[in-house]
1. Looking only at segment 89-110, count every residue that is open to solvent by 60 Å² or more (accessible area, probe 1.4 Å) and within 18 Å of the chain's Cα centre (by Cα) and tell me the total.
2. Show the residue pairs that are 6+ apart or on different chains and have beta-carbon atoms under 7 Å apart, the first residue being within segment 104-121 and more than 9 Å from Ala94 (Cβ to Cβ) and among the small types (Gly, Ala, Ser), the second being open to solvent by less than 50 Å² (accessible area, probe 1.4 Å) and assigned to a helix (DSSP H, G or I).
3. Out of everything in segment 29-53 that is in contact with a Cys (Cβ under 9 Å, 6 or more places away or on another chain) and part of a helix (DSSP H, G or I), what residue ends up being surrounded by the most Cβ atoms within 10 Å (Cβ to Cβ)?
4. Among the residues of segment 104-151, how many are closer than 23 Å to Trp54 by Cβ and of a type in the set (Asp, Glu)?
5. Would you mind stating whether Ala181 is over 24 Å from Pro86 (Cβ atoms), small (Gly, Ala, Ser) and either open to solvent by less than 20 Å² (accessible area, probe 1.4 Å) or modelled with pLDDT under 90 (or both)?
6. I need a count of the residues in segment 54-65 that are without any contact (Cβ under 8 Å) to a residue 60 or more places away in the chain and either of a type in the set (Ser, Thr, Tyr) or crowded, with 23+ Cβ neighbours inside 10 Å (or both).
7. Among residues belonging to segment 111-144 that are open to solvent by 20 Å² or more (accessible area, probe 1.4 Å) and of a type in the set (A, V, I, L, M, F, W, C), point out the one that is modelled with the highest pLDDT.
Amino acid sequence: MRRRAGPRPPLCNDEHFPLSYRDDAGKPAGLYPEILREAARRSGVQLDIRVAPWTRALRALETGEAALGGAFSTTRARGQWRVSLPLHLERIVAVLPVESAFQASRVADLKQHRTCIVEGWNYGPPLDGALADGAWNLDPAPSEALCLRKLEAGRVQVALVGEAGALRLLNPAAPSRMRTAPVGLELPVHVFWPLTVPDETVRRMDVALRHMDEDGTQRRIVRRHVEP
């Protein structure tokens, strides 16, 4: 049977608070769902925005069942899917115990340390190189939350996660046990659309995103969700 072309429901990570998550009512919430809802309203594109576990969302994208909302772009991604204009610029940080003498200022500084990364995240060229280098000691986890739990349990030495997630997911009962360090990574976040989605749908959403950037709407939404 031929697959019907049309908008696919964008799936966002269900535990990437405050950027995307499932609220107490079970509905999509956070920065990315709000930006997508506003872009859909402006463009007139009918979208059923949902949240799901990150690994399930990745599988749905690969099978063409859904778009993926809130993903870092790579050259490979641009060859496989249609990539939207940016939704947000996300800063990636290293999280490590406060007593650690290790000083990180760039991704290469992590090489000698057991580092947790989020499975399926594309961290850009620095980590792409690391994945191809057998000397790195990388330990993936399915989510930021699980990455940080590994760190708190002492199973890894460093967790490489988004700054917003790090500030909110670390154990509030022991806030002084961990610290964050910038590693020079700020990555644009996009929607990945399956190739079966019509060009006109992607174009209309991109026009709305561009206008939201120009009139300050995206910045106002970011302040509501991310900035204290």
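The values are calculated or read from the model by the stated rules, or taken from the named source; none is laboratory data. Here the structure is a predicted model, which means the values were calculated and not measured. Neighbour counts are summed over all protein chains in view; Cβ atoms, including those assigned to glycine, are modelled from backbone coordinates with ideal geometry. Just so you know, the surface numbers come from the protein's heavy atoms only, side chains and all, with ligands and any DNA or RNA stripped out. Shrake-Rupley method; radii C 1.70, N 1.55, O 1.52, S 1.80 Å.
1. Selection size over segment 89-110: 2.
2. Close Cβ pairs (under 7 Å, with a partner that is open to solvent by less than 50 Å² (accessible area, probe 1.4 Å) and assigned to a helix (DSSP H, G or I)) amount to Gly120/Trp54; Gly120/Thr55; Gly120/Leu58.
3. Here is the first cut: in segment 29-53, the residues in contact with a Cys (Cβ under 9 Å, 6 or more places away or on another chain) are 30, 32-33, 36, 49-52.
Narrowing the set further to residues that are part of a helix (DSSP H, G or I) leaves 32-33, 36.
Details: Tyr32: 28, Pro33: 24, Leu36: 26.
Among those residues, the one meeting the criterion is Tyr32.
4. Total meeting the criteria: 4.
5. Taking the combined requirement at face value, the residue satisfies it.
6. Result for segment 54-65: 2.
7. If we filter segment 111-144 for residues that are open to solvent by 20 Å² or more (accessible area, probe 1.4 Å), which is where we start, we get 111-114, 119-122, 125-126, 128-129, 131-140, 142.
Of the ones still in play, those that are also of a type in the set (A, V, I, L, M, F, W, C) are 121, 131-132, 135-136, 138.
On the way: Trp121: 82, Leu131: 67, Ala132: 72, Ala135: 75, Trp136: 84, Leu138: 89.
Restricting to residues being open to solvent by 20 Å² or more (accessible area, probe 1.4 Å) and of a type in the set (A, V, I, L, M, F, W, C), the top hit is Leu138.
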